[in-house]
Structure formats: structure tokens, C-alpha cells
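The values are calculated or read from the model by the stated rules, or taken from the named source; none is laboratory data. As the structure is a prediction and not an experimental result, all values here were calculated from the model. Backbone-built Cβ (ideal geometry, glycine too); neighbour counts: all protein chains shown.
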Amino acid sequence: MFHPELHPVFETLAYVGGYSVYKFMRKRQGDALSDERRWLIIASTAVGALLGSRVLGLLEQVPGRGFHWQQIFVAGGKTIVGGLLGGWLAVEVVKWIVGIRSRTGDLFAVPLCVGIAIGRIGCFLAGLADDTYGKPTALPWGVDFGDGIPRHPTQLYEVVFLAVLAFLLWRWNSRPHKTGIVFRGFMAAYLGWRLVIDFLKPQPLVHGLNMIQWACVVGLAVIAAGELMPRKETKDG
Amino acid sequence: MADEQKGFSTPAKVTAISAALFLVSLGLCAVGGDFMSSQAGFLTQTGILFFFLSIAGFLVGIAWLLIAAIAGSRR
């Protein structure tokens, strides 16, 4: 049942699926940004996500295996949380450079839910080769990933969570709302979810949390600080 | 200001696709590294191909973006 080679297939489907939903949503609800500016935002998101996902993916392995410079060149070791935070940071930097002052993330909230959910199916089907399975459990829905031990199918828990979140964000996005609040809602919900669900994963801990959970704490603190600080909104073309 | 970003669309697309390709290449090579069967050999080779394509895409995309930015600032 578990085939690690399915992981890159679902990863590719995740990018294609997420992008298709984004295209559909942009056509349906319009966009305050021009095509040029929107593509600059997407490119900076992609590059930032690549760097963030890789950096946190390597940091995640440090408590268990230590750090060796060669690991940078070893394949694998990517994380969604690192990708989200890296992409977000890169977008803010590029927006500052090119002078975009408005919030731009609402269009990405539902597509990200769809993309991550598709990717998580690949994580589940990869079995033990992917480090996203849960701790052993006696619950009736525990899944044996191939080592004879029933474990929490944390990847499937996340698919269900993302389906509900996508539905709620879709409805929120369809109604009048403050610009940017849907994306920040997505980030807060997903980082909060990972902060909780990662307690069910057998990852090495540093001061009670794994490295991904610490990244979630930082991301949630930034979101909270952003909500407390007033920001002047402008329209960009 | 928006005029300064004319011509950014295509190189930004190239850069974004290269980033996605790079991430997929890491996954393909990781799977290939774990399973040294003949099928995994194909996955690794595809991963390496994607890796070099993505690096080439990055170089082209970023150079193109810089040229578009310089052209935009002179307009």
C-alpha cells in the first residue's frame, strides 16, 4: 500500500492543484494587483518557500542527527511550515522593494489548503519513508505503515483539517472582509494546528517542542504582533 | 510605479516554475536514494534532470528580471 515514489507525484499534483484553484479564484473574484505584480508576488513566494522549507527541514533534523554541512546537499528534508514562513517573508521583502503597500495574500489562502492537502496524501502513501507519521496508538483507526505498529495517521488528520479550513476560508473570502485578513486567518489556523498536531509525531524535542513547533510559535507571534500594530492600507494597481 | 514592472510577468513565471521544479527534484532524488532499484534509478535520474533544469531556470529568470527592472527604470 505504501510507495515512497508516490510522494513526488502528489507533490507535483499539489502544485498544479493549488495553482488551478488560485487561477479559478482570481478569475471569479478579481484581483487588485496587475498581472505583472501578481507574478512578482508568486515568484517571490516560490523562491522564499523553497529556501524556508529547506532551512527548516535541515534544522528539524539537527536535534536527532546533529548538523553536518554535507546535509545541505542531501536530497529530502523539506517542511511545509518552513515553506509558508519563507514564502511570506520573501513576499514582504519584495513588496517593500517594489513599493506594494496593500495586503496581497487572500487569494492564496484556499489554494494553499488544497495544495497542502493533496501533498499530505502523498506523505501518507509514502509510509515510513516520510517523517510525517504519528506516534503509536491503540485507537481503532491506527495505521500500520509497515513496521507492525499501529500509528496515528497524522497526515490524514491534516487532510480533514484542511478540508474544513478551506471551506471556512472560501466562505470568508466570498463575503466583504478586511484585505489580508483571510490569509492571516489561514496562517494562524495552520500554524496553530501544526503546533498542536506535532505533539502526536515522534520528533526529537528541544525544550519541550520540536523545531517545527518552535517555528509555528514564531509565526504566530509575528501574526499577533501584526494585528496589534496599525497598518496604513493603500490600493495598488 | 506599476509601469516599472512591465515585462516582469514571463521571467517571474520562469523563476516560480523553477522553484517548484527544484522542490520536486529534491523529493525525487530522496526517493531514489532510499530505494536503489531500477525504477528508483529512473526517479533519481529524473530528479537530477529537474535539478539542473531548475538551476538553469533560476539563472535565466533572475537575469531576465534584472534586465526588465533596468529597462523599467530607464523608461
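Summary table
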quantity	calculated
Out of A:Gly115, A:Gly146, A:Gly119, A:Gly77, sole residue that is on the phi > 0 side of the Ramachandran plot, touching a residue at least 24 places away in the same chain (Cβ under 8 Å) and not aliphatic (A, V, I, L, M)	A:Gly146
Residue match in segment A:170-193 (condition: in contact with a Cys (Cβ under 7 Å, 6 or more places away or on another chain) and of a type in the set (A, V, I, L, M))	yes
Residue that is nearest to B:Ala20 (Cα to Cα) [pool: residues in segment B:39-49 that are facing chain A (nearest Cβ under 9 Å) and of a type outside the set (S, T, N, Q)]	B:Gly47
Top-ranked residue of segment A:1-19 - restricted to ones that are without any contact (Cβ under 8 Å) to a residue 40 or more places away in the chain and of a type outside the set (A, V, I, L, M), ranked as farthest from A:Lys78 (Cα to Cα)	A:Glu5
Positions within segment A:162-183 being surrounded by fewer than 20 Cβ atoms within 10 Å (Cβ to Cβ) and within 15 Å of the chain's Cα centre (by Cα), in sequence order	A:Ala163
Selected residue (criterion: surrounded by the most Cβ atoms within 10 Å (Cβ to Cβ)) from residues of segment A:95-138 that are farther than 27 Å from A:Val21 by Cα and touching a Pro at 6+ places or on another chain (Cβ under 8 Å)	A:Tyr133
Residue in segment A:123-133 that is closer than 21 Å to A:Thr154 by Cα and free of Cβ contacts under 8 Å to residues at least 12 places away in the same chain present	no
Matching option when the condition is under 30 Å from A:Gly208 (Cα atoms), part of a helix (DSSP H, G or I), hydrophobic (A, V, I, L, M, F, W, C) and away from chain B (no Cβ under 14 Å), among A:Val62, A:Val21	A:Val62
Those residues of segment A:134-162 which are among the charged types (D, E, K, R) and in contact with a Lys or Arg (Cβ under 8 Å, 6 or more places away or on another chain), in sequence order	A:Lys135, A:Asp144, A:Arg151, A:Glu158
Segment A:26-50, residues that are over 22 Å from A:Arg101 (Cα atoms) and either in contact with a strand residue (DSSP E or B) (Cβ under 7 Å, 6 or more places away or on another chain) or crowded, with 17+ Cβ neighbours inside 10 Å (or both)	A:Leu50
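One line per residue, one yes/no per condition, for (1) farther than 14 Å from A:Val47 by Cβ; (2) at pLDDT below 95; (3) part of a helix (DSSP H, G or I):
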{"position": "B:Asp3", "(1), (2), (3)": "yes, yes, yes"}
{"position": "B:Gly7", "(1), (2), (3)": "yes, yes, no"}
{"position": "B:Thr10", "(1), (2), (3)": "yes, yes, yes"}
{"position": "B:Leu23", "(1), (2), (3)": "no, yes, yes"}
{"position": "B:Gly32", "(1), (2), (3)": "yes, yes, yes"}
{"position": "B:Phe42", "(1), (2), (3)": "yes, yes, yes"}
{"position": "B:Gln45", "(1), (2), (3)": "yes, yes, yes"}
{"position": "B:Ile48", "(1), (2), (3)": "yes, yes, yes"}
{"position": "B:Ile62", "(1), (2), (3)": "no, yes, yes"}
